[in-house]
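The values are calculated or read from the model by the stated rules, or taken from the named source; none is laboratory data. Everything numeric in this text was worked out from a predicted model, so none of it was measured. Counting neighbours? That spans all protein chains shown, and the Cβs are built from the backbone with ideal geometry, glycine included. The protein model used for the area step is the full one, side chains on, heavy atoms only, and it has no ligands, DNA or RNA in it. Shrake-Rupley method; radii C 1.70, N 1.55, O 1.52, S 1.80 Å.
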Amino acid sequence: METRVCNYNGHLNDPAGLIFSDTTIREAEQCPGIIYSLEEKIEFMHRLDEIGIQQLQFYPGKTKQSQSDVKRLLQEKTKAPIMVMALGFEDCWLDNAKFALECGTQIAHMSFYTTPYVDPVWTPQTPEKTRERMLAAIEFYRSQTQAPIEIGFIDATRADVDYLMSMVESACKAGANHITLADTVSAASPEGIEYLVSRAVEIAKPYGTLIGTHCHNDVGLALANTCAGIKAGARLIDVAVNGIGDRAGNVVLAELVAALEVIYGIRTPFNLKKMNELARFAAQVSAREIPVNAPIVGDHVFVDQDDYHIDGSLHDPLAFRIFHCEDFGGESRIMFGKITGPAVIRHMSKKYNRPIDESLIPAIREELFTMASNAPKGLCINEEMFWQAVERIQNQ
């Protein structure tokens, strides 16, 4: 991939071995108004698998239908292993674990609260009771399956750090293969994530346990926090297509992949050219439009209107971009408006071999300015409308 980025971006420490785990389908069910049919979930998981995701997550819920659906999803053949989430903070944690195994989960998961903020029945005894339950869950899974065991710490970024790290160590000693630190309510800064992950990585290293991040985006820091986690040694990275997830969602898959590939020069396992296609599928089945200015996949992120930008890009495609939009399945386009200048008008004439008299260019610019001034809010003047404006001036 050809890029042109800042020379002072720095490096991510030893990023080899990243595992990208999709949360979209699971987290979407926590979002108001998003309802996927079983058929849509099946198509979604296969699209994710084809693009290169390395782990899929499902939550079985509490109804017979939702649990039946998860069992059906586990029957699909995918390259990516599938994790059925089991809630360890519920008193029925053992039943949850047994059901996940019954489904055929390929990753044995259990998640636990780590703070009194999210646990409505927290008492002074809760921290040690949580530890005892976690160890019992790991022991149970170890007796029942050879699948990797993943422990999730909910609200980890607001937990007492000594308690959190002691839980990490206990999980590692007991045989957990993966441990995810969740920034459940977007409480952390990049510095906070880097600190917590680096401490957890140091504890986990002797045991070969992977540390992961699950970053929410309530204040817009999910991407920065995830990169900070990777810098600190996190290797299991939760992502979401279009950021779809609870509240403001999770780190956006396309944005993270672009940051790694373009800014840091780190190869990822993804088929980059399908990023736009996947984003549009997710938007369609979720009934959530992609903002036109969304990085990487927005309709207008590869559209230029400024005359100087377009003139520069005609001479050098990376004059006003840091990568080729085609690398991510995008398409470079021109729109027209108040600031359309002579370079764009000449380019259109040459591109379509339709002569435009130089003397008419000022009038065409005035016509485009008037069109843009009188257009309804949000209307973009496209090529067809441009040529209509040109013809009006030529016919006067």
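Observations on the model:
- Within the stretch 350-396, the chymotrypsin sites (Phe, Trp or Tyr not before Pro) that combine a DSSP coil assignment with at most 15 other C-beta atoms in a 10 angstrom radius are Y352.
- Whole-number accessible area per residue in Å² for the stretch 17-137, which is evaluated in the context of all protein chains at 1.4 Å: 46
- 3J(HN,Hα) from dihedral phi, the stretch 220-227, Karplus parametrisation 6.51/-1.76/1.60, rounded to Hz, x for glycine, proline: x, 10, 4, 5, 4, 5, 5, 4
- The amide H of T180, built 1.01 Å from its N in the peptide plane, has I151, G152, F153, G212 as neighbours under 5 Å, considering only residues 5 or more places off or on other chains.
- Over the stretch 189-231, accessible surface divided per residue gives 41 Å², non-protein components excluded, 1.4 Å probe.
- Computed from the Cα positions only, the extents of the stretch 170-327 along the three principal axes stand at 61, 34, 27 Å, in decreasing order.
- FRET efficiency for the pair D160 and N395, taken as 1/(1 + (r/R0)^6) with r the Cβ-Cβ distance and R0 = 56 Å, rounds to 0.15.
- Total charge dipole magnitude, the stretch 1-133, about the Cα centre, Cβ charges on Lys, Arg, Asp, Glu only, Debye to nearest 20: 160
- Simple label model, 7 Å out from Cα along Cβ direction - K350 to N7, nm: 3.1
- Along the stretch 147-156 the Karplus relation, 6.51 cos²θ - 1.76 cosθ + 1.60 evaluated at θ = phi - 60°, assigns HN-Hα couplings of 5, x, 9, 10, 10, x, 9, 7, 6, 4 Hz to successive residues, with x for each Gly and Pro.
- Here's the list of lysines a cross-link from K77 could span, going by alpha-carbon distance under 17 Å and ignoring same-chain residues fewer than 8 apart: K41.
- Summing +1 for each Lys or Arg and -1 for each Asp or Glu among the other residues whose beta-carbon sits under 11 angstrom from that of C92 gives -1.
- The lysines whose alpha-carbon is closer than 16 Å to the alpha-carbon of K231, local same-chain residues fewer than 8 away aside, are K205.
- Computed accessible area, E132, all protein chains, 1.4 angstrom probe, square angstrom: 120
- With a Förster radius of 35 Å applied to the beta-carbon distance between D357 and E277, the computed FRET efficiency rounds to 0.25.
- Helices in the chain, meaning DSSP H runs of at least 4 residues, each add -39500 (n - 2.57). Divided by all residues, the mean residue ellipticity at 222 nm is -12500 deg cm²/dmol.
- Residues in the stretch 241-281 reached by a label modelled at R47 [backbone nitrogen below 11 Å; 7 Å Cα→Cβ]: 241-242, 275-281
- Accessible surface of the stretch 124-181, 1.4 Å probe: 46 percent of it comes from carbon and sulfur atoms.
- Note on the stretch 202-305: with neighbouring protein chains present and a 1.4 Å probe, carbon and sulfur make up 52 percent of its accessible heavy-atom surface.
- Computed from backbone phi, the HN-Hα couplings of the stretch 165-170 come to 5, 5, 5, 4, 5, 4 Hz, rounded to whole numbers (Karplus: 6.51 cos²θ - 1.76 cosθ + 1.60, θ = phi - 60°; Gly and Pro given as x).
- Beyond 28 Å in Cα-Cα separation lie the following of the pairs K79/K129; K98/K273; K98/K173: K79/K129; K98/K273.
- Taken as Cα centroids, the stretch 153-214 and the stretch 234-288 sit 23 Å apart, rounded to the nearest whole angstrom.
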